[in-house]
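Engineer: Dropping a structure here in structure tokens format, bear with me for questions.
Nothing in this text is a laboratory measurement; each read-out follows from the coordinates by a stated rule. Since this is a predicted model, take the numbers as computed values, not measurements. In this analysis, Cβ positions are derived from the backbone assuming ideal geometry, glycine residues included, and neighbour counts consider all displayed protein chains.
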Amino acid sequence: MAKPPRPLIAGNWKMNGLSASLNEARLLAGMLKGVKLVCEVMICPPATLIGPVRKLVKSAKIKVGGQDCHQKESGAHTGDISAEMLKDAGASAVIVGHSERRADHGETDAVVRAKARAAMRAGIVAIICVGETLEQRKAGQTLAVVSAQLQGSVPEGATAAGVVVAYEPVWAIGTGLTPTAAEVGDVHAHIRRELGKLMGKPEARKTRILYGGSVKPGNAAELMAVPDVNGALVGGASLKAADFIGIIKAYS
């Protein structure tokens, strides 16, 4: 049996963080410096803090990612940031297709795919988010919705080295609600099968599939032990080093 991919615990700070928040990154780096990590750790702060966070956490081997990027490398796109700019600032990955981007900015699967392709072009990892709403889950549409999002969002030529998939049920994000471990396992196994169709089974087996949606220190160990769960995309709990380290310890 193939060795499972190295887990990834990524913290999405969302639209939170001023210069004072750098202290949390500093604290986390101090906690992890010199520690041999089983999992890979990443912080995705606002774009304004990517450079400063990168400087603070580099010695602790914590990686930094962006929260979004534009499809194009450069041009007349006021207010947007390209994948190349993120890489230049020190990011090694970027979140694309988060449900908040899909809902707040009307991003379609085609837009998400273009952004993932841009990340691949720039040489950074695309963390592609998928997930169903509460209404879709109640209607029994979870697997169909996730399949459609994957088929529309994962670019041709995607590899395990360049793409991570994050399953984030929309109804669980920031609500304190989480699916059962069995429900998470069912969706992650389905995602793995779908990736096999899109990327080929060898690449699919190596691709990391993260769970996101109210992951906390108290439930991290149970969720991270689920088959086909290769880490977490963490929201609110990543804003405080003490909470985030509690999730990272699920792999200690």
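Engineer: Given a cut-off of under 8 Å on Cα pairs at least six residues apart, what relative contact order in percent is computed for region 1-126? Provide the component values of the computation, followed by the final result.
Structural biologist: Working: 199 pairs, mean separation 26.8, N = 126.
In percent, rounded to a whole number, it is 21.
Engineer: Pull up the cross-link candidates among the aspartates and glutamates for Lys201, meaning alpha carbon to alpha carbon under 15 Å and not fewer than 8 places away within one chain.
Structural biologist: Hits, sequence-local ones excluded: Glu156, Asp228.
Engineer: Also: Give me the number: length gained by fully extending Gln141 to Glu183, i.e. 0.36 nm times residue separation minus the C-alpha to C-alpha distance, one decimal in nm. Before the final figure, lay out the partial values.
Structural biologist: On the way: separation 42, 0.36 × 42 = 15.12 nm, distance 1.33 nm.
Contour length minus Cα-Cα distance gives 13.8 nm.
Engineer: Expressed as a rounded percentage, what relative contact order does the chain have, with Cα pairs under 8 Å and six or more residues apart?
Structural biologist: Numbers: 512 pairs, mean separation 53.0, N = 252.
Taking the mean separation of contacting Cα pairs over the length of the chain, I get 21 percent.
Engineer: Please get the size of the charge dipole for region 1-128, origin at its Cα centre, with Cβ charges of +1 on Lys and Arg and -1 on Asp and Glu, quoted in debye to the nearest 20.
Structural biologist: Working: 19 positive and 11 negative charges, 132 e Å.
The dipole magnitude comes to about 640 debye.
Engineer: If you take the Cα Rg of region 129-212 and divide it by 2.2 N^0.38 Å, with N the number of residues, what do you get?
Structural biologist: Working: Rg = 12.5 Å, N = 84, 2.2 N^0.38 = 11.8 Å.
Working it through for region 129-212, the quotient is 1.05.
Engineer: Fully extended, how many nm does the chain gain between His77 and Lys61 (0.36 nm per residue separation, minus their Cα-Cα distance)? Don't skip to the end; give the middle numbers.
Structural biologist: Details: separation 16, 0.36 × 16 = 5.76 nm, distance 3.30 nm.
Answer, rounded to one decimal: 2.5 nm.
Engineer: Provide Rg and Dmax in Å for region 81-240, with only Cα atoms included in the calculation.
Structural biologist: My reading of the Cα-based Rg and Dmax gives 14.8, 44 Å.
Engineer: Here's a follow-up. Enumerate the whole-percent occupancy of each 5 Å bin, from 0 to the last occupied one, for all C-alpha pair distances of region 24-168.
Structural biologist: Bins of 5 Å from zero give 2, 10, 18, 20, 18, 14, 10, 7, 2, 0 percent of pairs.
Engineer: Along the Cα-to-Cβ line of Ala20, 7 Å from the Cα, sits a label point; which residues in region 215-252 have backbone N less than 17 Å from it?
Structural biologist: 239-241
Engineer: Under a cut-off of 19 Å between alpha-carbon atoms, report the lysines in cross-link reach of Lys63, not counting same-chain residues fewer than 8 places apart.
Structural biologist: Here the lysines satisfying the reach criterion relative to Lys63 are Lys14, Lys33, Lys36, Lys55, Lys87, Lys240, Lys249.
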